[in-house]
Structure formats: C-alpha cells, structure tokens
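Asks: A single structure is presented below for examination.
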Amino acid sequence: MRVQSYISSKLNFNVDTEGKLSCDFRGHGPVKVTWRKVGLKKLPKRMIVEKNSLKISSVKQEDAGDYYCTGINSFSNESRKIHVSVYGMNLLL
C-alpha cells in the first residue's frame with residue numbers, strides 16, 4: 001500500500017471554525033482509515049471521521065497537536081502525521 005496526502009503535513013485553523021484533515025490511501029483491496037490524536041485515548045464527539053477525512057466542528061485551542069491517519073488493508077498499513085496549529089482564543093461566555 002502507498003500513502004499519499006493531498007494536503008500539507010502542517011495545517012492552521014482559527015478557533016471556532018470547522019477544520020478538515022484528509023489522507024488519501026491507495027492499495028489493493030478495500031482500505032480502512034482510522035484517525036487518532038497524540039495524547040487522547042479517543043477523539044471527542046465533535047470530531048467526525050468521514051471516509052478518509054477527519055472533520056472538527058468548532059475548532060478549540062486544545063485541538064492543536066499531532067494527528068495520525070492510518071490506512072489498513074489485508075496486506076499492510078501506513079500512517080501519516082499531520083500537525084495542527086490553532087490560532088485565536090476560545091471565548092468564555
């Protein structure tokens with residue numbers, strides 16, 4: 001399997017916007033894509049995996065960090081790191 005990403009390995013988002021991380025995996029047979037964020041056991045509910053993308057609704061400062069997308073098929077697996085920076089401040093109401 002070969003992994004290709006059509007976005008930068010570094011992404012910048014503003015607070016309270018929607019963020020989208022994408023990885024494109026190509027290989028023989030179906031490829032399952034999983035996502036994880038370094039330091040979290042599981043992703044928050046506002047982060048939704050859709051096919052090969054991870055959508056973050058209402059980006060927060062704590063969403064900054066390193067994310068890994070992994071493509072898995074019956075032959076192998078590949079991972080790609082994407083670093084996310086978040087600009088702005090969360091407002092307390």
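Asks: Counting only protein heavy atoms and using a 1.4 Å probe, what share of the accessible area of the chain belongs to carbon plus sulfur, as a whole percent? Each step should come with its number before you reach the end.
Replies: On the way: 3320 of 6240 Å².
For the chain, the apolar C and S fraction of the accessible surface comes to 53 percent.
Asks: Highest first, please rank the peptides 27-35, 65-73, 79-87 by the mean number of other Cβ atoms sitting within 10 Å of their residues.
Replies: Details: 27-35: 13.6, 65-73: 17.8, 79-87: 15.9.
So the order, starting with the most tightly packed, is 65-73, 79-87, 27-35.
Asks: Can you give me the Rg/Rh ratio for the chain, using Cα atoms for both radii and the Kirkwood formula for Rh? Could the numbers behind the result be given before it?
Replies: Numbers: Rg = 13.9 Å, Rh = 13.8 Å.
Rounded to two decimals, Rg/Rh equals 1.01.
Asks: Another question about this same structure. I want to check the label-to-label distance for Ser53 and Lys81. Put each point 7 Å from Cα in the C-beta direction and report it in nm to one decimal.
Replies: For the pair Ser53/Lys81, the computed spacing is 2.5 nm.
Asks: Measure off 7 Å from each Cα along the Cα-to-Cβ vector at Lys60 and Asn14, then give the distance between these two points in nanometres to one decimal.
Replies: A separation of 2.1 nm, rounded to one decimal place.
Asks: Then there's this: Dipole size in debye (nearest 20) for the range 17-86 around its Cα centre, Lys and Arg Cβ +1, Asp and Glu Cβ -1? Before the final figure, lay out the partial values.
Replies: Numbers: 14 positive and 7 negative charges, 44 e Å.
About 220 debye.
Asks: For the range 68-80, what does the Karplus curve 6.51 cos²θ - 1.76 cosθ + 1.60, with θ = phi - 60°, yield as ³J(HN,Hα) per residue in whole Hz, taken in order and with x for Gly and Pro?
Replies: 10, 9, 10, x, 10, 9, 6, 9, 6, 9, 9, 10, 9
Asks: State in Å² the accessible area per residue of the chain; use a 1.4 Å probe, count heavy atoms of protein chains only, and round to the nearest integer. Present the calculation step by step, with values, prior to reporting the outcome.
Replies: Values: 6240 Å² over 93 residues.
Spelled out: the 1.4 Å probe surface of the chain, per residue, equals 67 Å².
The values are calculated or read from the model by the stated rules, or taken from the named source; none is laboratory data. Since the model is a prediction, treat every value here as computed from it, not as a measurement. Here the Cβ is made from the backbone with ideal geometry for all residues, glycine too, and neighbour counts use every protein chain on show. In case anyone asks, the SASA skips ligands and DNA or RNA and just uses the protein heavy atoms, side chains included. Shrake-Rupley method; radii C 1.70, N 1.55, O 1.52, S 1.80 Å.
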